Amino acid sequence: MNFSNSYARLDEVFYERIRPTPVQDPQLFLWNSSLAEQLMIPNELNHDSVALAQTFSGNSILPGSEPIATVYAGHQFGSFVPQLGDGRAHLLGEVIDQFGQRWDIQLKGSGRTSFSRAGDGRCALGPAVREFIMSEAMKALGVPTTRCLAVVTTGEPVFRETSLPGAVVTRVASSHIRIGTFEFFAARGDHQALKALCQYTIERHYPELQEEGDTQYVPFINKVIERQIQLVVEWMRVGFIHGVMNTDNTSLSGETIDYGPCAMMGIYDPQTVYSSIDTTGRYAFGNQPEILQWNIARFAECLLPLINADRNKAIDQVGPVIAKISEGFEKEYMVMMGKKLGLMFFKQKDRNLIVSVLNRLKDKSLDYTVTFDLLTKSLMSETAASQMNSELEECFDLWQKRLSEQHAVAQDVQGLMRQHNPVVIPRNHHIEEVIQECEQTGKATLAERFLQVLRSPYAELAQTSEYQDPPSDGDKGYHTFCGT
Ligand code: AMP
Ligand code: MG
């Protein structure tokens, strides 16, 4: 592979050089062949499942790879943890793909590092499969996300509440720089490392900021905000609940990262939360925009000493930028929701329509994905229109009236709606069913079948209908776990 390891060229305060711990009996479980092609995995490796299993379990190290575990800190559920870091992950290096884009290749579940604390450095098969399927689904839905190249079973058990089959998952990401990476150095007052990290991040993710000789920290914060807003708006579009929006799980690249306790919202309710450890609902579906703002505030705090030696002066510059986030989010969110409703140009008054429709969904306990799919279909289908009419009542009339003001061709409106309203999402009960089957049979058949449908979330394939049904119990009592 075409390795080019820029992070490992940074000062050693950013990472520990450490190799993965070999596993007993690596077997390739899931392989992402289209991503492999993009990454230009050499043919002789790509067609040799034994070699792939050896490589993507960490048993053999490819030429050019320089494994490291990166260091970071982070706010977890609002409390600062000064030392986190890759406790069960190894960054093998960076690879340049066929489009000249740079990707981190990281193994997760590949053994202990100095950052493991009490953890075993391992990952169970279930969470690995979950990350593979969820991230592929998000990618196909059009949501910025890290991806998975492989899941390899290890032949070793991992011990959680019970003994589970172990696995190593290969994550491919634009980078693994997190808000928590900045927090690590800010907490230690290491301004030199902070500056270097800013420069590195700007070069890698925001090169448009590079022209000025001096690093422009406030514009940098603004760019990070823009990307986080885009990301969370997309989560809200498809009903994604991240579940653990800690600052160590906020990537500076603006990609969704860490698929631990994530879930999809079925019935529309902003208070939906599934994570077993999120007892206060901090990371509930509807709280995500507010948490975005909270997380960015933590990021901006890290940069204060670089912006101005006088902390008050720095706050004067950054405060208004942070305060504007909720307004900026709301604007993008409304435009997106407008598109879900087929509105080509959002007008201020459309806010009322959007809010009424969403309130109606909540009051009637309607499924988010099903309703927007039916609304899309209702433009061409009498059956869908009459079902929506009876479920949404006056909201449906208001919506139709608003659409008629656009004087647009129905096909065009439907096209716009379809781009924003998937026909299928990775529903929680299907994910669980697939994971269970993988664990019990040791085979990936159902996962591959599910993936095929999820890779075309805006089209109805022959098997799509098998995965569209909302859970019969409305996901009551459904819980997700961090997978640690
Ligand atoms: P996460 O919940 O995956 O965001 O992980 C939070 C922190 O716990 C990170 O520093 C992880 O590396 C660490 N961690 C999670 N699971 C394990 C494990 N099984 N062994 C070692 N470290 C872990
Ligand atoms: Mg994490």
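The values are calculated or read from the model by the stated rules, or taken from the named source; none is laboratory data. Since this is a predicted model, take the numbers as computed values, not measurements. Cβ placement follows ideal geometry from the backbone for every residue including glycine, while neighbour counts extend to all protein chains displayed. Note: accessible area is taken over every heavy atom of the protein model, side chains too, but ligands, DNA and RNA are not part of it. Shrake-Rupley method; radii C 1.70, N 1.55, O 1.52, S 1.80 Å.
Using R0 = 30 Å, the C-beta based FRET efficiency linking Arg188 and Glu226 works out to 0.55. Projecting the Cα atoms of Phe345, Ala297, Phe220 onto the dipole axis of the range 207-348, where Lys and Arg carry +1 and Asp and Glu carry -1 at the beta carbon, places Phe345 farthest toward the positive end.
Measuring max minus min along each principal axis, the C-alpha atoms of the range 269-424 give extents of 65, 40, 25 Å (largest first). 3J(HN,Hα) couplings calculated from phi for the range 89-94 with the Karplus curve 6.51 cos²θ - 1.76 cosθ + 1.60 (θ = phi - 60°) are, in sequence order, 9, 10, 7, 6, x, 10 Hz; Gly and Pro show x. About its Cα centre, the dipole of the range 212-332 is roughly 80 debye, where the only charges are +1 on Lys and Arg Cβ and -1 on Asp and Glu Cβ. Note that the range 457-473 has calculated 3J(HN,Hα) couplings of x, 10, 10, 8, 7, 3, 8, 4, 4, 5, 10, 8, 5, x, x, 5, 9 Hz, one per residue in order, obtained from phi through the Karplus relation 6.51 cos²θ - 1.76 cosθ + 1.60 (θ = phi - 60°); glycine and proline are x. Solvent exposure of the range 7-173 amounts to 37 Å² per residue of accessible area, where only protein heavy atoms count and the probe is 1.4 Å. The charge dipole of the chain, taken about its Cα centre with unit charges on the Cβ of Lys, Arg, Asp and Glu (plus for the first two, minus for the last two), comes to roughly 480 debye. Of the residues Thr201, Ala89, Gln440, the one whose Cα sits farthest towards the positive end of the charge dipole of the chain is Thr201 (charges of +1 on Lys and Arg Cβ, -1 on Asp and Glu Cβ, taken about the Cα centre).
For Gly474, no residue whose modelled amide H falls within less than 5 Å of its own remains once neighbours fewer than 5 places apart on the same chain are excluded. If you model the chain as an ellipsoid using its alpha carbon gyration tensor, with each semi-axis the square root of five times an eigenvalue, the axes come out at 37, 30, 20 Å, biggest first. Maximal additional length on extending the Leu45-Asn2 stretch stands at 14.2 nm, based on 0.36 nm per residue less the C-alpha distance.
Summary value for the chain: 15 percent relative contact order, contacts being C-alpha pairs under 8 angstrom separated by 6+ residues. Label the range 134-177 by shape, choosing from rounded, prolate and oblate, from the square roots a ≥ b ≥ c of the eigenvalues of the Cα gyration tensor; if a/c is under 1.5 it is rounded, and otherwise prolate applies when a/b is larger than b/c, oblate when it is not. It is prolate, given that a/c is not under 1.5 and a/b is the larger ratio.
For the chain, the carbon plus sulfur part of the accessible surface works out to 49%, probe radius 1.4 Å. Convex hull volume of the C-alpha atoms in the range 212-332, normalised per residue: 113 Å³.
Charges were assigned to the Cβ only: +1 to each Lys and Arg, -1 to each Asp and Glu. The resulting dipole of the range 7-173 about its Cα centre is roughly 380 debye. Relative to the current alpha-carbon distance between Glu382 and Gln406, full extension at 0.36 nm per residue lengthens the span by 6.6 nm.
Each residue of the range 68-75 was assigned a 3J(HN,Hα) from its phi angle through the Karplus curve 6.51 cos²θ - 1.76 cosθ + 1.60 (θ = phi - 60°); the sequence is 9, 10, 8, 9, 7, 10, x, 8 Hz, with glycine and proline shown as x. Simple rule: put +1 on each Lys or Arg Cβ and -1 on each Asp or Glu Cβ in the chain, find the dipole, and look at Val273, Ala263, Val370; the Cα lying farthest toward the positive end is Val273.
Amide H contacts of Arg178: Leu252, each under 5 Å away and 5 or more positions distant or on a separate chain (H built 1.01 Å from N in the peptide plane; Pro and chain starts excluded).
Fully extending the segment from Arg117 to Gln436 would add 111.9 nm, taking 0.36 nm per residue of separation and subtracting the current Cα-Cα distance.
More than 16 angstrom separation, counting every C-alpha pair in the range 347-405; what % is that? Here the long-distance tail beyond 16 Å is 38 percent of all Cα pairs in the range 347-405. Computed on the range 53-180, with alpha-carbon pairs under 8 angstrom and 6+ residues apart, the relative contact order is 25 percent. Amide H to amide H distances under 5 Å link Thr256 with Thr145, Thr146, where only residues 5 or more positions off or on other chains count and H is placed in the peptide plane.
Relative to the 2.2 N^0.38 Å rule of thumb, the range 7-173 has a C-alpha radius of gyration ratio of 1.01. Over the range 212-332, Cα pairs under 8 Å with separation of 6+ residues give a relative contact order of 28 percent. Using a simple spin-label model with pseudo-atoms 7 Å out from Cα toward Cβ, Glu12 and Ser163 lie 4.0 nm apart. With protein chains left intact and a 1.4 Å probe, residues in the range 212-332 average 37 Å² of accessible area per residue.
In square angstrom, what is the accessible area per residue of the range 346-484 with a 1.4 angstrom probe? Don't jump to the answer; show the numbers that get you there.
Numbers: 7090 Å² over 139 residues.
Heavy-atom accessible area per residue stands at 51 Å².
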